[in-house]
Amino acid sequence: MRHNDKELIVVGDRVLVRVEEGEDRTKVGLYLPPSALDSQAVQGGKIVATGPGLPMPDLASDNSDEPWRTSAGRRETRFVPMQARRGDYALFFRKAAVEITFEHERYLVVPQTAILALVRDSADDTPGREF
């Protein structure tokens, strides 16, 4: 994610989520204190950036019986692709998220394993792909 002249790069299988502020009122109009909002186990927000995925070594190019030994060249790293995409709305476990501030804006860094569900516009979906 680029902001002015700085770039925030998300690594591994993590996503960057724009913080969605909790509802400070109940449906009947009672105001909730911040401590009540902090006790919620699940939070949601819009994904603004994703990492490349879970890194996996490319063992297919190595024919030896000892793949941990480095040969003359470096091995390529491959990534298991992320299911989450930029623009998705994610519901995730609040306790797994780490809050950061980047260029005076609050974000949450969430591992993909903490995401419970994704909401994606049907226009953004790849044709023929089902979950």
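The values are calculated or read from the model by the stated rules, or taken from the named source; none is laboratory data. Being a predicted model, the structure only gives us computed values, none of them experimental. Remember, those area values only see protein heavy atoms, side chains included, never the ligands or the DNA or RNA. Shrake-Rupley method; radii C 1.70, N 1.55, O 1.52, S 1.80 Å.
Just the residues that are open to solvent by less than 70 Å² (accessible area, probe 1.4 Å) and modelled with pLDDT of 85 or more, please, taken from the stretch 44-63.
Result: Gly44, Gly45, Ile47, Val48, Ala49, Thr50, Gly51, Pro52, Gly53.
Results for (1) modelled with pLDDT under 60; (2) within 26 Å of Asn4 (Cα to Cα); (3) hydroxyl-bearing (Ser, Thr, Tyr), shown as yes or no for each residue.
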{"site": "Glu23", "(1), (2), (3)": "yes, no, no"}
{"site": "Thr26", "(1), (2), (3)": "yes, no, yes"}
{"site": "Leu30", "(1), (2), (3)": "yes, no, no"}
{"site": "Asp65", "(1), (2), (3)": "no, no, no"}
{"site": "Gly73", "(1), (2), (3)": "yes, no, no"}
{"site": "Phe92", "(1), (2), (3)": "no, no, no"}
{"site": "Glu99", "(1), (2), (3)": "no, yes, no"}
{"site": "Arg129", "(1), (2), (3)": "yes, no, no"}
